[in-house]
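A quick write-up on the structure given underneath.
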Amino acid sequence: MPYYRVVGEVPRKRHTQFRKPDGSLYAEELMGVEGFSSDSALLYHEHAPTAILDVVGVDEPEQKLVANHPLKPRHFKTHKLDVTSADLVTGRQLLLGNDDVRISYVVADSPSPLYRNAAGDELVYVEAGAATVETVFGVLHVGAGDYVVLPTSTTHRWIPSADEPVRALVAEARGHVGPPRRYLSVKGQFLEHAPYCERDLRGPTQPHYVADGGEAQVLVRHRAGCTRYTYAHHPFDVVGWDGCLYPYAFSIHDFEPITGRLHQPPPVHQTFEGPGFVVCSFVPRLFDYHPQAIPAPYNHANVDSDEVLFYTQGEFMSRKGAGIEVGSISLHPSGHIHGPQPGSVEASIGKASTDEYAVMIDTFRPLQIGDAATACEDTGYAWSWAGGR
Ligand SMILES: [Fe+2]
C-alpha cells in the first residue's frame, strides 16, 4: 500500500511500553512483507498473537487444472455455477490458474471461516451482493463493483449480507498486488495521470475488537495446502495499528477512464499489477472522437499474455453475436489472434459512448483450465468469428 494510515490507539513511539487499563502490556505484531524490507504494519493485540493450541491439516476437494490444449479461445458462463450454499473462502470454484495466480468464481451466502492466505495477496472483485469483511485491521463494507485487496497473511472473514448472495471473482496471487508502479511517485504517491488516487481507496477506519473472543480457529492457506490453527485467543483483539500495509477496497465506479481521439490501448485501463499478471477495468466512457474513428477495438495478438475478460454489467458491443452475457468470462490465449465479432466494427461507428463494465486479468504465463470452467463452457465460442456457433 502506498500510504500511511493509523487506526485506533498506538503509543507515541514504536516498540515502547503500551499498557492496557489493567497495567499489563499489549502485544505487538509487526507484519512486514519482503522480509521486512518493504511495507509493514505494527498491530497491538490484547493477547499474544502467537498462542496456538492445535494445528490440523485440512484436505481440500481436489480442483484440477489442465492445459488449454488444443489451444482454443474459450467462453465460460459463470452464472451456470450457482450453488445452494457456500462461503467466500471454501466455496471457490477454480476456473483458471498458473504458477502466478489462481482465478476462481464463488457465489456465497454464508459467513466464511476465519482465514488467512499465507501464499499471497488476494484480490476479490464483487460482481453482485454486499458483504462485511472483518479483518485484524478493521472492517470493510463492500458491494457490487468493489475490488478488495487482502494482503498476504491478513486474518479475515467474509460475511455476506442477508439480502442476496455475493457473486465474486477471486484472484489468489503468489505474491503482492497493488497499483501499477508507473502510477506512483518514487515515494509512493499517486501521480496526476493515474486513473484513481488515494481518495478512492477505502481502508479500515477503526479497530475491529471482539471482547473476550476466546479460542478461535483460523484456516491458513499455504503453499502446500491448508492448515487449521486453533488459537488460545480470538485474533480480533487489536486495539490499534499503523503502517502502510492493510486491506482496502476500491470501487470500479471510481476508476476514471482515459479516452482519446483514437482507440486507446489496453494499458490505459490498468488498475492493479501482481506477480505475473495485470488487472484492468473497462468502465462506461466516451468513445474515440476523431471524425473517422472506429470505436470497436482492432484485432489484436496478445503475444505474451493470456487475456481473461469478465463481463460484469452493460452491453458488450464488440462481442455481439458471440453469446457473451453478464457473468461471462472469455479467455483469449497467447497464440490466438482475436478481435470484435463479425459486424461489430461497422456497428460501432458513430457510437458516442459505452455503458459496459468488465474486469480483465492478463497473465504472462499460460493459463490452465479448471473443472469448473469446463463445466460452464460454451464450446461453440471459438467459431464465432467465422460466423458459426
Ligand atoms: Fe483482447
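Any read-out appearing in this document is the output of simple, stated calculations on the displayed coordinates, not a laboratory observation. The model shown is predicted, which means the values in this text are computed figures rather than measured ones. Note that each Cβ is placed from the backbone with ideal geometry, even for glycine, and that neighbours are counted across all protein chains shown.
Restricting attention to region 270-282, does a residue exist that is farther than 26 Å from Thr152 by Cα and surrounded by fewer than 16 Cβ atoms within 10 Å (Cβ to Cβ)? So far as region 270-282 goes, no, none of its residues is farther than 26 Å from Thr152 by Cα and surrounded by fewer than 16 Cβ atoms within 10 Å (Cβ to Cβ).
Examine region 342-362 for a residue that is touching a residue at least 12 places away in the same chain (Cβ under 8 Å), away from the ligand (no atom under 16 Å from the Cβ) and in a helix (DSSP H, G or I), and state whether such a residue exists. Checked region 342-362: at least one residue is touching a residue at least 12 places away in the same chain (Cβ under 8 Å), away from the ligand (no atom under 16 Å from the Cβ) and in a helix (DSSP H, G or I). Residues in region 279-299 that are under 15 Å from Met360 (Cα atoms) and out of contact with any helix residue (DSSP H, G or I) (no Cβ under 8 Å at 6 or more places or on another chain) were compared, and the one that is farthest from the ligand (Cβ to nearest atom) is Pro284.
Flag not set for Pro73, criterion: of a type outside the set (Lys, Arg), farther than 26 Å from Ser330 by Cα and surrounded by fewer than 21 Cβ atoms within 10 Å (Cβ to Cβ).
Answer yes or no: is there a residue in region 111-118 that is free of Cβ contacts under 8 Å to residues at least 24 places away in the same chain, assigned to a loop (DSSP other than H, G, I, E, B), touching a Pro at 6+ places or on another chain (Cβ under 9 Å) and farther than 23 Å from Val308 by Cα. No, there is no match, as no residue in region 111-118 is free of Cβ contacts under 8 Å to residues at least 24 places away in the same chain, assigned to a loop (DSSP other than H, G, I, E, B), touching a Pro at 6+ places or on another chain (Cβ under 9 Å) and farther than 23 Å from Val308 by Cα. The lone criterion from (1) out of contact with any strand residue (DSSP E or B) (no Cβ under 7 Å at 6 or more places or on another chain); (2) β-branched (Val, Ile, Thr); (3) part of a strand (DSSP E or B) left unmet by Val186 is number (3). Residue-level analysis places Pro195 outside the set of residues that are farther than 26 Å from Val139 by Cβ and within 16 Å of the ligand (Cβ to nearest atom). Only one entry in His253, His234 is farther than 24 Å from Arg174 by Cα, touching a Gly at 6+ places or on another chain (Cβ under 9 Å) and buried (at least 18 other Cβ atoms within 10 Å of the Cβ), namely His234. Inside region 31-49, residues that are over 21 Å from Arg174 (Cα atoms) and surrounded by fewer than 19 Cβ atoms within 10 Å (Cβ to Cβ) make up a count of 2.
Looking only at residues that are part of a loop (DSSP other than H, G, I, E, B) and among the acidic types (Asp, Glu) in region 19-41, which one is farthest from Pro247 (Cα to Cα)?
Looking at the filtered set, the residue picked out is Asp22.
Residues in region 363-384 that are part of a strand (DSSP E or B) and more than 16 Å from the ligand (Cβ to nearest atom): how many? Counting residues in region 363-384 that are part of a strand (DSSP E or B) and more than 16 Å from the ligand (Cβ to nearest atom) gives 4. Does at least one position in region 265-277 carry a residue that is within 16 Å of the ligand (Cβ to nearest atom), out of contact with any helix residue (DSSP H, G or I) (no Cβ under 6 Å at 6 or more places or on another chain) and part of a loop (DSSP other than H, G, I, E, B)? Yes; the residues of region 265-277 include at least one that is within 16 Å of the ligand (Cβ to nearest atom), out of contact with any helix residue (DSSP H, G or I) (no Cβ under 6 Å at 6 or more places or on another chain) and part of a loop (DSSP other than H, G, I, E, B).
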